[in-house]
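K.L.:
My questions will all concern the structure given below.
Laboratory data are not the source of any read-out in this text; all were calculated from the coordinates shown. What you see is a predicted model, and the numbers here were worked out from it, not measured in a lab. Here the Cβ is made from the backbone with ideal geometry for all residues, glycine too, and neighbour counts use every protein chain on show.
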Amino acid sequence: MTISKDQLIDFIYDEVRMLDEGRYDEWLALWLKDGHYWMPLDYKQTDPFSVTSLMYEDLFMLKLRVERLNGARTFSQKPKSRCHHVIQRPFVDAMDEAAGTYVTTTFMHYVETRLDEQTLLALTARHELALVDGALRIANKRVDILNCDAAFRNIQLLP
Amino acid sequence: MGRYAQNPAAIKALHRGYEVHRDVYIDQELYQLEMRHLFANAWVFVGHESQTPEKGDYFSTQVGDQPVIQVRHSDGEVHVLFNRCPHKGTKIVIDRAGNTGKFFRCPYHAWSFKTDGCLLAIPLKKGYENTGFENSDSAKGMRAVGAVKNYRGFIFCRLAETGISFEEFFGGSLSSIDNMVDRSPAGRLEVAGPPLRYLHHCNWKMLVENQTDTCHPMVAHESSAGTAVKLWKELDMPEGTPLPPAMEIIAPFTSPYEFFEKMGIRTWPNGHGHTGVHHSIHSNYSEIPGYMDKMVESYGEEKAKAILGENRHNTVYFPNIMIKGPIQQLRVFIPLAADRTIVESYIYRLVDGPEELTARTAMYNRMINAPTSIVGHDDLEMYERAQEGLHVNGLEWVNIQRLYEPGEDFSHEAVENGTTERQMRNQFDAWVKFMTCDMDGVQEAAE
Ligand code: FES
Ligand SMILES: [Fe+2]
């Protein structure tokens with residue numbers, strides 16, 4: 001089975017739609033077991049381990065995030081946050097047919113809101129995707145925030 | 001004129017032992033007086049010397065509402081200067097950090113200054129001849145803060161020219177910084193990357209109080225820590241499977257009241273104090289292979305064990321920082337307004353220590369204190385609800401009475417039950433002291 005450029009691009013569009021619609025179980029199912037969601041703190045950061053990041057989460061932590069969002073006693077999610085992505089057409093940076101691995105870069109504007117507040121972030125998302133058992137999955141995802149060194153308010157959902 | 005300026009009696013009346021008046025959190029005049037008096041008279045954290053390791057290296061920050069520059073002078077000492085050109089007020093540096101070489105040069109009219117602030121040169125200087133310029137404050141160059149102390153790499157300053165000494169201000173509380181630094185086999189720390197920066201719409205003191213609030217984790221953090229424990233159980237790992245690092249960090253937040261009662265709280269004079277006298281949420285982290293050996297090599301077995309046996313939880317250095325010795329974290333609560341605070345959370349690496357420990361600390365920082373954290377949110381939510389709730393009229397006092405004893409004396413060190421709110425009362429005792437100690441008429445009032 002081969003994957004077309006369009007399929008890769010559609011995958012990214014589908015992913016952000018899941019996030020915007022809060023379909024987190026479907027979203028978690030996209031991930032490979034040893035994947036990491038990385039959101040660096042520093043511009044062009046190369047090391048996720050020995051300096052602080054905003055997020056560097058394995059699947060356990062991502063599941064915890066999703067469970068917590070749905071929890072009855074998650075006071076800071078009463079009322080719940082909502083989010084919205086506007087994305088540019090993803091760039092397909094690498095396609096390795098033999099290995100079944102792909103890399104995309106996507107520029108997006110991400111809006112998160114709760115009560116009277118709304119935050120807008122300009123993001124660059126880099127996806128490492130893999131073809132496993134005939135389906136595209138997320139091997140790793142890195143999200144860089146344009147103003148990563150600014151003092152932020154809450155970012156409660158998953159950009 | 002407001003109600004509180006030059007009115008020490010009114011300020012003292014805001015703290016009645018077991019309660020404080022809401023104005024300390026919501027009144028903008030009191031915020032301005034805090035910046036004028038409290039943050040000038042107390043010793044306040046500036047930065048770490050490793051942020052400015054080479055001559056000419058600078059780092060810009062603020063002490064209270066005062067913009068300052070921490071800079072390494074040509075003699076190797078760290079100086080703290082106000083970030084203001086003595087000519088017309090332009091900030092001398094605008095980036096967060098950099099190297100200025102041998103001198104600062106103002107970008108507006110090119111006055112230049114040595115890195116200890118002294119005026120070096122002014123273009124077309126003859127325009128000031130016979131003007132009396134040499135007698136002006138501007139001729140002195142960039143103003144330095146009142147006093148600076150480099151304590152084991154941590155830079156503190158007192159803005160006021162005169163006042164309490166560093167040693168008297170911190171007293172026995174310095175043992176927490178000592179323990180944090182001693183955990184490096186070389187006895188030195190180095191900053192690891194930039195800090196997290198998290199904007200809170202609440203008063204800075206709510207954050208400081210929360211550092212020793214041991215009755216909230218099991219409630220406010222049930223959603224994150226409690227859910228983590230539940231998820232881990234559902235994975236149904238074989239008995240004895242070691243907890244992954246993330247679980248080691250988050251699970252202790254759900255510890256029962258008894259755990260926190262028994263951990264103990266120690267208070268020191270001038271508003272300092274810490275939780276975790278006997279044990280803490282940091283006590284049961286797994287050992288890193290090879291680390292103990294290095295420590296024994298540096299300190300000998302007995303001292304190495306004593307250093308690593310100390311597991312203090314949060315140490316508050318009044319007015320506005322908290323450190324976690326066992327994981328080398330420092331959080332500074334920078335007051336922007338009565339209802340605005342930026343929290344910066346720094347981590348440090350143990351020089352000659354294992355990199356695994358830095359990785360654990362970085363994990364702690366992002367999991368617990370990031371704007372993206374699943375734990376920090378729940379704290380922020382509580383502070384901001386309080387900031388709004390405090391506007392309710394007719395109920396104007398905030399209760400800090402847990403394990404209160406009438407006639408409490410904060411002038412000596414004390415160790416108590418870990419759920420006491422004594423440390424919060426201790427902070428307000430110091431708050432009144434450093435707010436009023438340089439106000440008119442306070443001497444007479446003290447008699
Ligand atoms: S304002 Fe700095 S030189 Fe004029
Ligand atoms: Fe908390």
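K.L.:
Counting pairs of alpha carbon atoms under 8 Å apart in space and at least six apart in sequence, what relative contact order in percent does region B:115-213 give? Can you show the working numbers first?
P.N.:
Values: 49 pairs, mean separation 16.6, N = 99.
Averaging sequence separation for qualifying contacts and normalising by length gives 17 percent for region B:115-213.
K.L.:
Residues of B:352-364, mean number of Cβ from any other protein chain within 10 Å of their own Cβ, rounded to a whole number?
P.N.:
On the way: counts 0, 0, 0, 2, 2, 1, 3, 6, 1, 3, 9, 7, 1.
Per residue, the average neighbour count from other chains is 3.
K.L.:
Further question: With 10 angstrom as the radius, rank A:110, B:404 by how many other C-beta atoms surround their C-beta, starting from the fewest.
P.N.:
Final ranking by Cβ density, sparse to dense: B:404, A:110.
K.L.:
Let me know the mean shielding of B:218-227 by other chains, meaning the per-residue number of their Cβ atoms within 10 Å of its Cβ. Mind showing how you got there, number by number?
P.N.:
Working: counts 0, 2, 3, 2, 6, 11, 8, 2, 3, 11.
Average per residue, whole number: 5.
K.L.:
Can you list the HN-Hα couplings for region A:123-139, worked out from phi with the Karplus curve (6.51, -1.76, 1.60; θ = phi - 60°), rounded to whole Hz and with x for Gly and Pro?
P.N.:
Ordered by residue, 3J(HN,Hα) equals 10, 10, 10, 10, 9, 9, 10, 9, 8, 10, 6, x, 10, 6, 9, 8, 8 Hz.
K.L.:
Pull up the cross-link candidates among the aspartates and glutamates for residue B:102, meaning alpha carbon to alpha carbon under 14 Å and not fewer than 8 places away within one chain.
P.N.:
Result set, ordered by chain and number: B:54, B:57, B:75, B:77, B:116.
K.L.:
Collect residues whose amide H, placed 1.01 Å from N in the peptide plane, falls under 5 Å from the amide H of residue A:129; neighbours closer than 5 in sequence don't count.
P.N.:
So residue A:129 has HN proximity to A:102, A:103, A:104, A:139.
K.L.:
Kindly put B:332, B:277 in sequence by how many other C-beta atoms sit within 10 Å of each C-beta, fewest to most.
P.N.:
Final ranking by Cβ density, sparse to dense: B:277, B:332.
K.L.:
Right, next: Taking 0.36 nm per residue of sequence separation and subtracting the Cα-Cα distance, how much length would be gained by fully extending the chain between residue B:287 and residue B:397, in nm to one decimal? Please list the in-between numbers first.
P.N.:
Details: separation 110, 0.36 × 110 = 39.60 nm, distance 4.57 nm.
Computed gain between residue B:287 and residue B:397 is 35.0 nm.
K.L.:
Using only the Cα atoms of region B:188-435, what are the Rg and Dmax in Å?
P.N.:
When restricted to Cα atoms, region B:188-435 yields Rg and Dmax of 18.7, 62 Å.
K.L.:
Could you give the spread of the C-alpha atoms of region B:179-287 along their three principal axes, from largest to smallest, in whole angstroms?
P.N.:
Principal axes ranked by extent give 49, 37, 32 Å for the Cα atoms.
K.L.:
Still on this structure: What ranking do B:182, A:34 get, fewest neighbouring Cβ atoms within 10 angstrom at the top?
P.N.:
On the way: B:182 22, A:34 9.
Placing the least packed residue first, the sequence is A:34, B:182.
K.L.:
Taking amide hydrogens as modeled 1.01 Å from N in the peptide plane, which residues meet the under 5 Å criterion relative to residue B:85, leaving out close sequence neighbours?
P.N.:
B:90, B:91, B:92
K.L.:
Per residue of A:36-46, what is the mean number of Cβ atoms on other protein chains within 10 angstrom of that residue's Cβ? Don't skip to the end; give the middle numbers.
P.N.:
Values: counts 0, 0, 0, 3, 1, 11, 2, 1, 0, 2, 0.
Across A:36-46, the average partner-chain Cβ count within 10 Å equals 2.
K.L.:
Turning to a different aspect of this structure: What FRET efficiency comes out for residue B:216 versus residue B:97 if R0 is 25 angstrom and r is the Cβ-Cβ distance? Round to the nearest 0.05.
P.N.:
On the way: r = 35 Å, r/R0 = 1.40.
With a Förster radius of 25 Å, E is 0.10.
K.L.:
Can I ask one more? With viscosity set to 1.567 mPa s and temperature to 4 °C, compute the Stokes-Einstein D of chain B, Rh being the Kirkwood radius across alpha carbon pairs; µm²/s, no decimals.
P.N.:
55
K.L.:
If you average the sequence gap of Cα pairs under 8 Å that are 6 or more apart and divide by the length of region A:1-61, what percent do you get for the contact order?
P.N.:
27
K.L.:
Compute the relative contact order of chain A as a whole-number percentage, counting only Cα pairs closer than 8 Å that sit 6 or more residues apart in sequence. Display every interim value, and only then the final one.
P.N.:
Working: 266 pairs, mean separation 38.9, N = 159.
That works out to 24 percent.
K.L.:
To continue, here is another question. In nm, what is the difference between 0.36 nm times the number of residues separating residue B:412 and residue B:385 and their Cα-Cα distance? Each step should come with its number before you reach the end.
P.N.:
Values: separation 27, 0.36 × 27 = 9.72 nm, distance 3.45 nm.
Result for the pair: 6.3 nm of gain on full extension.
K.L.:
Can I ask one more? Note down the magnitude of the dipole of chain B about its Cα centre, charges +1 on Lys and Arg C-beta and -1 on Asp and Glu C-beta and zero elsewhere, to the nearest 20 debye.
P.N.:
1560
K.L.:
Run the reach check for residue B:294 against lysines, Cα to Cα strictly under 24 Å, same-chain hits fewer than 8 apart removed. What comes back?
P.N.:
Straight-distance partners of residue B:294: B:303, B:305, B:324.
K.L.:
Mind listing the phi-derived Karplus ³J(HN,Hα) values for region A:7-16, rounded to whole Hz, using 6.51, -1.76 and 1.60 with θ = phi - 60°, and x for any glycine or proline?
P.N.:
Working through the residues one at a time gives 5, 5, 5, 4, 4, 5, 4, 5, 4, 5 Hz.
K.L.:
For the protein assembly as shown, evaluate the Debye formula with one uniform point scatterer on each Cα (no solvent term) and list log10 I(q)/I(0) at q = 0.07, 0.08, 0.10 Å⁻¹, rounded to two decimals.
P.N.:
Rounded to two decimals, the profile gives -0.48, -0.63, -0.96.
K.L.:
To the nearest µm²/s, what D does Stokes-Einstein give for region A:26-93 at 4 °C and 1.567 mPa s, using the Kirkwood radius over alpha carbon pairs as Rh?
P.N.:
Working: Rh = 14.6 Å.
So the translational diffusion coefficient is about 88 µm²/s.
K.L.:
So which cysteines in chain B don't have a second cysteine's C-beta under 4.7 Å from them?
P.N.:
Here B:118, B:157, B:202, B:215, B:437 come out as lacking a disulfide-compatible partner, given the Cβ-Cβ threshold of under 4.7 Å.
K.L.:
Same structure, new question: How high is the FRET efficiency from residue B:3 to residue A:4, r the C-beta distance, R0 60 Å, rounded to 0.05? It would help to have the intermediate numbers written out before the result.
P.N.:
On the way: r = 72 Å, r/R0 = 1.19.
The pair residue B:3/residue A:4 has a calculated efficiency of 0.25.
K.L.:
So who's got an amide H within less than 5 Å of the one on residue A:54, skipping anything under 5 residues away but keeping other chains? H placed 1.01 Å off N, in plane.
P.N.:
Here A:39, A:41 satisfy the definition.
K.L.:
Over the Cα atoms of region B:350-447, Rg to Rh with Kirkwood Rh, two decimal places?
P.N.:
Numbers: Rg = 19.9 Å, Rh = 18.0 Å.
When Rh is taken as the Kirkwood radius, the ratio is 1.11.
K.L.:
To the nearest 0.05, how large is the calculated FRET efficiency for residue B:108 and residue A:146 if R₀ is 51 Å and r is the Cβ-Cβ distance? Intermediate values should be presented prior to the final figure.
P.N.:
Working: r = 29 Å, r/R0 = 0.58.
FRET efficiency, residue B:108 to residue A:146: 0.95.
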